[in-house]
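Participant: First, the structure itself, so that you have it in front of you.
The values are calculated or read from the model by the stated rules, or taken from the named source; none is laboratory data. The structure presented is a predicted model; accordingly, all values stated were derived computationally and were not measured. Because the Cβ atoms are built from the backbone with ideal geometry, glycine has one as well, and the counts that use them run over all protein chains shown.
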Amino acid sequence: MIEISEKDFNKLVAFVQHDYGIDLSKKKQLIQSRLQNTLNSKGFSGFTQYVDYITTTKNHNDIENMLNKLTTNYTYFLREREHFDFFKDTILPYLVSTKKNKSLSIWSAGCSSGEEPYTISMFIKDFLGQQASAWDTRILATDISTDVLSIAMKGEYDVKSLRDVPDSWKKRFFRPVRGDADKVVVSDELKKNVIFRTFNLMGPIQFKIPFDVIFCRNVMIYFDQDTKDALVNRFYNATVPGGYLLIGHSESVNRSTTKYDYIMPATYRKPLPAGRK
């Protein structure tokens, strides 16, 4: 195995931390093992040449390939069900009763291969029922990786990833892939309801309108505390008063620095102005 020197390791860690917010400071063995094939296939003599190339050229495709190898995009439909129950029982009733323009603004930040935004969409469609056509329910779904976004936009999944999806939803929102009994594809109804875009969470959040709900789950596990605090602050500024931030259950928000109110584990809300409920 080609080994990475402490100097090259620190240089690569600093570069990834600064530009992408991902903390690899405890991932030396992971870097060595997962990038061996890249070094061999690209003809690099060692990590010094590779790290110099990555940090100097900043080639988007090569950096994306590296990040894909060093992070895990593991997800499935209805992952961390407690969030979706809260979304259905508390958030959606609140939004439907207060959004006079019949428009929902929801962001799936770090959407990976698409299971999360499609799950959100199913809950919205089911909750609104026959009134869904009267609402703009399109969800913004972003990720830094074009590889996972291409999977998301295709909308084709292993049937095992639907293990927690109700049978009625499987029939309504999915159809079999011809010639492959182990695959399904999401319906056009769901595809049209999700807008996929590439986005680096380390950059400024400057979308046209603030969000009613931001899902950013199991993304910040790769960030150090300062990076997380800064990102949560940017999320706060991009959230409407009364809007929600949902993070992964293995993650936490620094309650001493955030302006969000803590609601329950992994669930936070931006306070409403005085006098509003």
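Participant: It is to be established whether one or more residues within segment 224-235 are among the small types (Gly, Ala, Ser) and assigned to a strand (DSSP E or B). Before you say what the answer is, go through the steps one by one.
Facilitator: Step one: filter segment 224-235 for residues among the small types (Gly, Ala, Ser), giving 230.
So of that shortlist, the ones also assigned to a strand (DSSP E or B) come out as none.
The answer is no, given that none of the residues of segment 224-235 is among the small types (Gly, Ala, Ser) and assigned to a strand (DSSP E or B).
Condition check ((1) more than 24 Å from Lys228 (Cβ to Cβ); (2) assigned by TED's automatic domain parsing to the domain that holds Ile144) across all residues:
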position: Lys11; (1), (2): no, no
position: Gln17; (1), (2): no, no
position: Tyr20; (1), (2): no, no
position: Ile31; (1), (2): no, no
position: Phe44; (1), (2): yes, no
position: Phe86; (1), (2): no, yes
position: Leu95; (1), (2): yes, yes
position: Ser105; (1), (2): no, yes
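Participant: Could you figure out which of (1) over 16 Å from Glu116 (Cβ atoms); (2) touching a strand residue (DSSP E or B) at 6+ places or on another chain (Cβ under 7 Å); (3) surrounded by 11 or more Cβ atoms within 10 Å (Cβ to Cβ); (4) of a type outside the set (Lys, Arg) isn't true of Met153?
Facilitator: (1)
Participant: Further, regarding this structure: Kindly evaluate Leu140 against the criterion of being assigned to a strand (DSSP E or B), surrounded by 13 or more Cβ atoms within 10 Å (Cβ to Cβ) and either among the small types (Gly, Ala, Ser) or in the same structural domain as Phe86 (by TED's automatic domain parsing) (or both).
Facilitator: Numbers: assigned to a strand (DSSP E or B): yes; surrounded by 13 or more Cβ atoms within 10 Å (Cβ to Cβ): yes; either among the small types (Gly, Ala, Ser) or in the same structural domain as Phe86 (by TED's automatic domain parsing) (or both): yes.
Taking the combined requirement at face value, the residue satisfies it.
Participant: Applying the selection to segment 159-188, what residues are among the acidic types (Asp, Glu) and within 20 Å of Leu149 (Cβ to Cβ)? If you could, list the steps in order and put the result at the bottom.
Facilitator: Applying the first criterion (among the acidic types (Asp, Glu)) to segment 159-188 yields 164, 167, 180, 182, 188.
Answer for segment 159-188, where residues must be among the acidic types (Asp, Glu) and within 20 Å of Leu149 (Cβ to Cβ): just Asp188.
Participant: Continuing with the same structure: Picking from Tyr262, Tyr222, which residue would you name as being among the hydroxyl-bearing types (Ser, Thr, Tyr) and under 13 Å from the mean Cα position of the chain (by Cα)?
Facilitator: Working: Tyr262 fails: under 13 Å from the mean Cα position of the chain (by Cα).
Residue meeting the stated conditions: Tyr222.
Participant: So which residues in segment 225-277 are surrounded by fewer than 15 Cβ atoms within 10 Å (Cβ to Cβ), in contact with a helix residue (DSSP H, G or I) (Cβ under 6 Å, 6 or more places away or on another chain) and basic (Lys, Arg)?
Facilitator: If the condition is that a residue be surrounded by fewer than 15 Cβ atoms within 10 Å (Cβ to Cβ), in contact with a helix residue (DSSP H, G or I) (Cβ under 6 Å, 6 or more places away or on another chain) and basic (Lys, Arg), then Lys259 is the only one that fits.
Participant: Residues in segment 154-183 that are of a type in the set (A, V, I, L, M), in a strand (DSSP E or B) and closer than 23 Å to Gly129 by Cα: how many? Working first, answer last.
Facilitator: The initial filter retains those residues of segment 154-183 that are of a type in the set (A, V, I, L, M), namely 159, 162, 165, 177, 181.
Checking the rest, the ones that are also in a strand (DSSP E or B) come to 177, 181.
From the residues that got through so far, the ones that are closer than 23 Å to Gly129 by Cα too are none.
Number of matching residues: 0.
Participant: It is to be established whether one or more residues within segment 201-209 are part of a strand (DSSP E or B), assigned by TED's automatic domain parsing to the domain that holds Ala152, modelled with pLDDT under 95 and surrounded by fewer than 18 Cβ atoms within 10 Å (Cβ to Cβ). Show your work before the answer.
Facilitator: Taking segment 201-209 first, the residues part of a strand (DSSP E or B) are none.
No.
Participant: Mind counting the residues in segment 186-217 that are closer than 22 Å to Val253 by Cα and in contact (Cβ under 8 Å) with a residue 24 or more places away in the chain?
Facilitator: Residues flagged as closer than 22 Å to Val253 by Cα and in contact (Cβ under 8 Å) with a residue 24 or more places away in the chain within segment 186-217 amount to 14.
Participant: Could you tell me which numbered condition Leu246 fails, if it satisfies all but one of (1) more than 26 Å from His18 (Cβ to Cβ); (2) more than 15 Å from the chain's Cα centre (by Cα); (3) among the hydrophobic types (A, V, I, L, M, F, W, C)?
Facilitator: Only one criterion in (1) more than 26 Å from His18 (Cβ to Cβ); (2) more than 15 Å from the chain's Cα centre (by Cα); (3) among the hydrophobic types (A, V, I, L, M, F, W, C) is unmet by Leu246, namely (2).
Participant: If you go through segment 173-190 one residue at a time, how many are within 30 Å of Ile209 (Cβ to Cβ), surrounded by 14 or more Cβ atoms within 10 Å (Cβ to Cβ) and out of contact with any Ser or Thr (no Cβ under 7 Å at 6 or more places or on another chain)?
Facilitator: So the answer is 2.
Participant: Now for a separate question. I need the full set of residues from segment 123-137 which are touching a strand residue (DSSP E or B) at 6+ places or on another chain (Cβ under 9 Å) and either at pLDDT below 95 or within 20 Å of Leu78 (Cβ to Cβ) (or both), in order please.
Facilitator: Once the filter is applied, which keeps residues that are touching a strand residue (DSSP E or B) at 6+ places or on another chain (Cβ under 9 Å) and either at pLDDT below 95 or within 20 Å of Leu78 (Cβ to Cβ) (or both), segment 123-137 yields Ile124, Thr137.
Participant: Being touching a Pro at 6+ places or on another chain (Cβ under 8 Å) and of a type outside the set (D, E, K, R) narrows it down to one residue among Val213, Val219, Val184; which is it?
Facilitator: On the way: Val213 fails: touching a Pro at 6+ places or on another chain (Cβ under 8 Å); Val219 fails: touching a Pro at 6+ places or on another chain (Cβ under 8 Å).
So the residue among Val213, Val219, Val184 that is touching a Pro at 6+ places or on another chain (Cβ under 8 Å) and of a type outside the set (D, E, K, R) is Val184.
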